[in-house]
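Colleague: Just dropping this structure here.
The values are calculated or read from the model by the stated rules, or taken from the named source; none is laboratory data. Predicted, not measured: the structure shown is a model, and the values here were computed from it. No Cβ is skipped: glycine too gets one built from the backbone with ideal geometry, and neighbour counts run over all protein chains shown.
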């Protein structure tokens, strides 16, 4: 066994002459343990929340969205647009017509965004899971609305035989003095409601694209083309292929680019949470410095004996450096184990629950191996420098004559 490591291990587990050193050593291990455990739990919880938010947006947003750079609508029947259907990796091609409208039901009314979609939209299994009541049916004059809009209008699938009036302004100008002459009206029937989050629930109603074109005064135009990709497809390659096929007249965005601010915010929040917890861990490792300093002072007699037996300054430095590293390693691995156990308990038994009506029942947790690796690397580096500093300081003051 390595001699400095053997001596350091004996110092770690043996009883000291001053009980305060034992207490400080135990506090050092506990501090590193709690700091590591906090990093594991908080980052895993943050990963779970990030995945939940992404899944909510992914159920509504496509893998690839195509819009025109100049203007609002474009013709989807051009050869370059139709060629997209032949690109490998694309499994769903959806035409979209989107615009604002006024919804009225009895004496209730609200503004909403009408999203007319081609029948392929219903093939999205992710969105189907978000139907909270009724069914997904966009045939004829049926619509699917967000639960927020349903609450504002106090209607839903239960009133499927009572129409909701949807008004949208006619394109162009109207010389009539009657405002109603400048509006298109469409009677629609709620077949179902969806629940994603307030951003979508209080904003969108879905209907057949032909009905949306009729309401918004268009013929065969679209405001966007949405593409769903195969799970096995290389999304970056498919996006680049689409950009090459369409040229610079269109904007082609993947999911992250469609919600660029959201994804940047989540990444920066995770980074700052990690930095704050690391600073807390650094403060906790000050106990390691105190523990080693007191141990070095106590072991002056042992150091003299080791030197008389032939131990040089380098070996004595290693003894106390190993002592500090063992405090950190023990605390880090115990903290990692406890953190993983707590995360597993939350995943398995949903101990911390959300209030009723939230999109999930319990706080989501996702353990990422890369996070665990980074946590251990950071904790061990902090522990190394916390041990190296007092050893270096001690070397200058007390081991100069041993060199």
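Colleague: Are any residues in the range 329-355 outside any loop (DSSP other than H, G, I, E, B) and closer than 20 Å to residue 51 by Cβ, and if so, which ones?
Modeller: Across the range 329-355, the qualifying residues are 339, 340, 342, 343, 344, 345, 346, 347, 348, 349, 353.
Colleague: Separate question: Can you tell which of 280, 275 is within 30 Å of residue 328 (Cβ to Cβ), at pLDDT below 90 and either surrounded by 15 or more Cβ atoms within 10 Å (Cβ to Cβ) or within 26 Å of the chain's Cα centre (by Cα) (or both)?
Modeller: Sole residue among the options that is within 30 Å of residue 328 (Cβ to Cβ), at pLDDT below 90 and either surrounded by 15 or more Cβ atoms within 10 Å (Cβ to Cβ) or within 26 Å of the chain's Cα centre (by Cα) (or both): 280.
Colleague: Separate question: In the range 57-74, how many residues are over 19 Å from residue 94 (Cβ atoms) and either buried (at least 18 other Cβ atoms within 10 Å of the Cβ) or in contact with a strand residue (DSSP E or B) (Cβ under 6 Å, 6 or more places away or on another chain) (or both)?
Modeller: The qualifying residues number 1.
Colleague: Can you pull out the strands (runs of 3 or more DSSP E) entirely within the range 171-259 that have at least 2 residues that are at pLDDT below 95 and either in contact with a strand residue (DSSP E or B) (Cβ under 7 Å, 6 or more places away or on another chain) or not assigned by TED's automatic domain parsing to the domain that holds residue 97 (or both)?
Modeller: Because the criterion is at least 2 residues that are at pLDDT below 95 and either in contact with a strand residue (DSSP E or B) (Cβ under 7 Å, 6 or more places away or on another chain) or not assigned by TED's automatic domain parsing to the domain that holds residue 97 (or both), the strands (runs of 3 or more DSSP E) in the range 171-259 that meet it are 183-194, 224-229.
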